[in-house]
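First the structure, in the form of C-alpha cells, and then the observations on it.
The values are calculated or read from the model by the stated rules, or taken from the named source; none is laboratory data. No experiment lies behind these values; they were computed from the predicted model shown. As a convention, Cβ positions derive from the backbone with ideal geometry for all residues, glycine included, and neighbour counts pool all protein chains shown.
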Amino acid sequence: MKSVELINITKKYISKKSITVAVDNASFSVNDREIFGLIGPDGAGKTTIFRILTTLILPDDGTAKIYNLDVVKDWKEIRKILGYMPGQFSLYQDLTVEENLSFFATVFNTTIKENYELVEDIYKQLEPFKNRRAGKLSGGMKQKLALCCALIHKPKILFLDEPTTGVDPVSRKEFWEILKRLKDQGISIVVSTPYMDEATLCDRIALVQTGKILEIETPENIIRKFQKSLFSVRSDKMYALLNDLRSFQKTETCFAFGDSHHVVVEAALDNNELKKYLESIGHTNVIVESIKPSIEDYFMQLTGA
C-alpha cells in the first residue's frame, strides 16, 4: 500500500505584480514503512508540497492522498494519522518540555503514558530538562522535543520539513538514527532536506528544483547514473582556478565543492593532461584527483546550476 500518492500537483502564489509557481505538476508516491526524501535547495518547493500533504493549504490542481485519503476531502481523518514537524520550531516556547508534550497529547485525546514506548528513546534525552522552557533549549533538544510532540498520538506517517537545518553534526547523526528506529516500528517517514549527504540515508529520494520533480530513485541508483569523468581540482588560487576551468574548452561543467572544484571533462582527457594544462597557464601546487560522484554531483549535473 502507498502511504503517499501525489498526482500532477500544482500550486501557484499570485500577487498584484507576479505569479510564482511553487509546485509545478509534481508527482511521486511513497511506499508504506519507507524513509522518502525530498532533496533540493531552498525555494525548490519542498515546504509547499509538505503543506499540501499535511492539509494546511489547498493545491490549485492535481490530487494528493495519504493512505488513500484525499487531502482536500478527508482532511479531518488525515490529521489524526499524521505527525508534522515544520521547518521552524513552532512549539510553545514559554511552556516547559513536559507541558508541551502533555498539551499535544491532550489535543489528540491521548496521554504521554499511553504512547510512551514510541517516544521513550527520545524523551530519555529530554527528561533531565523536562522543567525547562522550550525556548531555552539548544537547537538539538528543540528538534527532539518537536519530534516527540509529532509522535505522541502514534501517527502512521511523519512529515519532517528540513528537521536538521541549523543543528550541529552530532545531533544530525543522532536524529537520523532515531528515524531509522521509527521506521523499524512501522512508521512511514517523508523528510525534506537541502543537505545532499543526508539523501544517502533515505530509502528513495526525489530531486526537486523550482517546483519540479527531476528524478525519483534510490540514492545508489542516482549515483550510478553519473557516467562521466569527474575530477577534484585544487591549486593556490582557487577563484582564478574556477574561472580558468570553466573557460577551458574540454571542460563540460565545473562547480565549487568545499575546498576543491569538481570538474566534468571530456572522456578522452585524463588527470595528468588537465594538470599540465593548468600549470601551463600559471597555476601552482595543482592537485587533480579522479573521484567518485556523489548525489550532489549528479544534482548539479542535472540542473546545470
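Of all the numbered requirements in (1) over 26 Å from the mean Cα position of the chain (by Cα); (2) under 30 Å from Ile14 (Cα atoms); (3) not polar (S, T, N, Q), Leu82 misses one, and that requirement is (1). Would you confirm whether or not the stretch 169-185 contains a residue that is touching a residue at least 24 places away in the same chain (Cβ under 8 Å) and assigned to a strand (DSSP E or B)? No, the stretch 169-185 has no match at all. Lys144 passes every criterion in (1) without any contact (Cβ under 8 Å) to a residue 40 or more places away in the chain; (2) under 30 Å from Thr20 (Cβ atoms) apart from (2).
Residues checked against (1) among the hydroxyl-bearing types (Ser, Thr, Tyr); (2) modelled with pLDDT under 90; (3) in contact with a Gly (Cβ under 7 Å, 6 or more places away or on another chain); (4) not assigned by TED's automatic domain parsing to the domain that holds Arg79:
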site: Cys149; (1), (2), (3), (4): no, no, no, no
site: Leu158; (1), (2), (3), (4): no, no, yes, no
site: Pro169; (1), (2), (3), (4): no, yes, no, no
site: Arg172; (1), (2), (3), (4): no, yes, no, no
site: Phe175; (1), (2), (3), (4): no, yes, no, no
site: Lys180; (1), (2), (3), (4): no, no, no, no
site: Val190; (1), (2), (3), (4): no, no, no, no
site: Glu217; (1), (2), (3), (4): no, no, no, no
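Checking Gly135, Gly166, Gly186 one by one, the residue that is surrounded by fewer than 19 Cβ atoms within 10 Å (Cβ to Cβ) and under 15 Å from the mean Cα position of the chain (by Cα) is Gly166 and no other.
Across the stretch 34-53, not a single residue is classified as surrounded by fewer than 15 Cβ atoms within 10 Å (Cβ to Cβ), under 15 Å from Val190 (Cβ atoms) and not acidic (Asp, Glu).
Among the residues of the stretch 1-33, those identified as aliphatic (A, V, I, L, M) and surrounded by fewer than 18 Cβ atoms within 10 Å (Cβ to Cβ) are Met1, Ile7, Ile14, Ile19, Val21. The condition (being touching an Asp or Glu at 6+ places or on another chain (Cβ under 7 Å), farther than 24 Å from Thr164 by Cα and either surrounded by fewer than 15 Cβ atoms within 10 Å (Cβ to Cβ) or not aromatic (Phe, Trp, Tyr) (or both)) is satisfied by just one residue among Lys73, Lys65: Lys65.
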